[in-house]
Amino acid sequence: MSNQLKLTKDPIWELLRKVTIPASIGSLFQTFYNLVDTWFAGKISAQAISAIAKSFPLYFLIIAVGVGVGASTNALIGNSIGEKKINKASLYVAQSVIFAFFVSILVAFLGINTSAFFLSVMGSDVASINLSKDYLDVIFYGTAIFMVQISLNGTLNAQGDTKSYRNVLIAGFFLNIVLNPLFIFGYGFVPAFGISGLAIATVVAQSLGLFYLIYKVNSCKLRNYLKLECFIPKIQLIKDLASQAFPIVFSMLFIGIGIFVILYFIGKFGELATAGYGAALRIEQVFLLPVIALNTAVLSIGGQNFGAKKFSRIQELYFNALKFGSGFMTIAGLIIYFNAHFLVSLFTQNPVAIEHGEIYLKVAAMIGPIYPVFFISSGLFQAIKKPIYSLYMSILRLTAIPFIALWYVINIRKGDYVDIFYTILTTNWIMGLVVLVFIFSLFKKISNQK
């Protein structure tokens, strides 16, 4: 695909379709993958499900850092290709792998040595901590595999290839169905590892995916300039990758903080309110997958065009992606609104939990059309090498403004459960319009510089 797509020349609509659809399908199978893990955890014990759930905030550290590594690789390689500096792009391929490897050592060290403390803070007893660590330690030992895989995917994305990683995620899903019972319960000469088997299955599947991505990178045009000496660490290029990656990493971490803020206020209305919200959130995330894929598309296409100084194509890309994303979320919102009760009941049979989940989904349906502004703008900021704007946007949208607004509504105005979501609706639309005004001014500034 990377040899066929011309990101600086092909029509924008065609590029959006060819880059976004494979990324959406890949994300869908990643969601299925997580559901399979949860299902098999339930076959071990109820405690195993709890251990996996409590492991997620720590696992999210790997996800957050991985997103930063992938985005920085995508942006810098894409910019270099757009500038027709193919040698430099190849250097970034190698240096990104080195950067990913060293970052993975740091993440693994932190994860293995601090997980027990954070699990205890979440209220886990000794038995639960040990169960979670049986899963987490294997995952953290495999961090290098995850990080290098994401680095190589960033290389392919920078050339418009989102099919390769889609293939990895689809294959990983089916492999997971086979490997989970093999390593959990054992068979033949393979011993039963219990909950550790879940993690072992993930590491094995990711390792096979890594070999496939190595093959794909080795087959792309950047391979012609990729020599062994390219893998000697070059401080300035690693600094470039780090400066591009870390704002994205912290933006991702603020997503976790934002979820915690909302759950903090929802928790005031009881466990069933939290359960309903959690079920509704899963549904919303499925409908958001194409919009999340647009982030990858804007970053990949925009990165090369920014390097080529084709600013008018970047502007066309942004607004076409926004039209598609907002249009899709408007249609999805109608589906969600009129089927909220049924959708929530797929995850829980408790009538109180269903009622609470239905309330959130109906409000979320009205937030939907503004969500693409944040995902697409974040991709744009990364493409034009201004990832710090994504961090500012995340701080304001996900933590500072929601916390202040929700604290006022719940504690001062004595608001009800539904008021939490109307507050989120209001803050998201206001913030979305502010971001759009900023984007217009940014494009005007770029046009003047041109």
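The values are calculated or read from the model by the stated rules, or taken from the named source; none is laboratory data. Everything numeric in this text was worked out from a predicted model, so none of it was measured. Using ideal geometry, Cβ is built from the backbone for each residue, glycine included, and neighbour counts are taken over all protein chains shown.
Selection within the stretch 35-69: residues that are in a helix (DSSP H, G or I) and out of contact with any helix residue (DSSP H, G or I) (no Cβ under 8 Å at 6 or more places or on another chain). The member of this set that is nearest to Pro181 (Cα to Cα) is Trp39. Only residues that are farther than 18 Å from Ala365 by Cβ and either surrounded by fewer than 17 Cβ atoms within 10 Å (Cβ to Cβ) or modelled with pLDDT under 90 (or both) were counted across the stretch 406-429, and they come to 8. Here the stretch 8-40 is the region considered, the condition is being of a type in the set (Phe, Trp, Tyr) and at pLDDT 90 or above, and the residue that is surrounded by the most Cβ atoms within 10 Å (Cβ to Cβ) is Phe29. Taken together, Leu222, Leu210, Leu289 contain a single residue that is assigned to a helix (DSSP H, G or I), more than 24 Å from Phe140 (Cβ to Cβ) and not assigned by TED's automatic domain parsing to the domain that holds Phe342, which is Leu222.
Given Ile129, Ile195, Ile170, which one is surrounded by fewer than 21 Cβ atoms within 10 Å (Cβ to Cβ), within 23 Å of Phe40 (Cβ to Cβ) and more than 22 Å from the chain's Cα centre (by Cα)?
Answer to the selection: Ile129.
Given the condition farther than 28 Å from Leu391 by Cβ and among the acidic types (Asp, Glu), answer yes or no: does some residue in the stretch 226-240 qualify? Talk me through it step by step, then tell me what you get.
Of all residues in the stretch 226-240, those farther than 28 Å from Leu391 by Cβ come to 226-232.
Those left that are additionally among the acidic types (Asp, Glu): 229.
The answer is yes, given that some residue of the stretch 226-240 is farther than 28 Å from Leu391 by Cβ and among the acidic types (Asp, Glu).
Candidates in the stretch 366-407 are the residues that are among the small types (Gly, Ala, Ser) and in contact with a Ser or Thr (Cβ under 9 Å, 6 or more places away or on another chain); of these, the one that is nearest to Phe254 (Cα to Cα) is Ser394. Output the residue which, of all residues in the stretch 83-103 that are in contact with a Ser or Thr (Cβ under 6 Å, 6 or more places away or on another chain) and surrounded by fewer than 24 Cβ atoms within 10 Å (Cβ to Cβ), is nearest to Ser120 (Cα to Cα). The selected residue is Val97. You will find that of Ala171, Ala199, the residue that is touching a Phe, Trp or Tyr at 6+ places or on another chain (Cβ under 7 Å) and among the aliphatic types (A, V, I, L, M) is Ala199 and no other.
Taking Lys43 and the conditions (1) loosely packed, with under 15 Cβ neighbours inside 10 Å; (2) free of Cβ contacts under 8 Å to residues at least 60 places away in the same chain, which numbered condition does it fall short on, given that it satisfies the others? Of the numbered conditions (1) loosely packed, with under 15 Cβ neighbours inside 10 Å; (2) free of Cβ contacts under 8 Å to residues at least 60 places away in the same chain, the odd one out for Lys43 is (2).
Is there a residue in the stretch 296-307 that is assigned to a helix (DSSP H, G or I), surrounded by fewer than 20 Cβ atoms within 10 Å (Cβ to Cβ) and either hydrophobic (A, V, I, L, M, F, W, C) or not assigned by TED's automatic domain parsing to the domain that holds Asn428 (or both)? No: zero hits.
Within the stretch 153-178, take every residue that is outside any loop (DSSP other than H, G, I, E, B) and among the charged types (D, E, K, R) and give me the one that is nearest to Arg17 (Cα to Cα).
Of the residues in the stretch 153-178, the ones outside any loop (DSSP other than H, G, I, E, B) are 153-157, 163-178.
Imposing the further condition that a residue be among the charged types (D, E, K, R) reduces the set to 163, 166.
Details: Lys163: 12, Arg166: 14 Å.
Ranking the candidates gives Lys163 first.
Among the candidates Glu316, Glu284, Glu271, Glu355, the residue that is surrounded by fewer than 17 Cβ atoms within 10 Å (Cβ to Cβ), among the acidic types (Asp, Glu) and under 30 Å from Phe440 (Cβ atoms) is uniquely Glu316.
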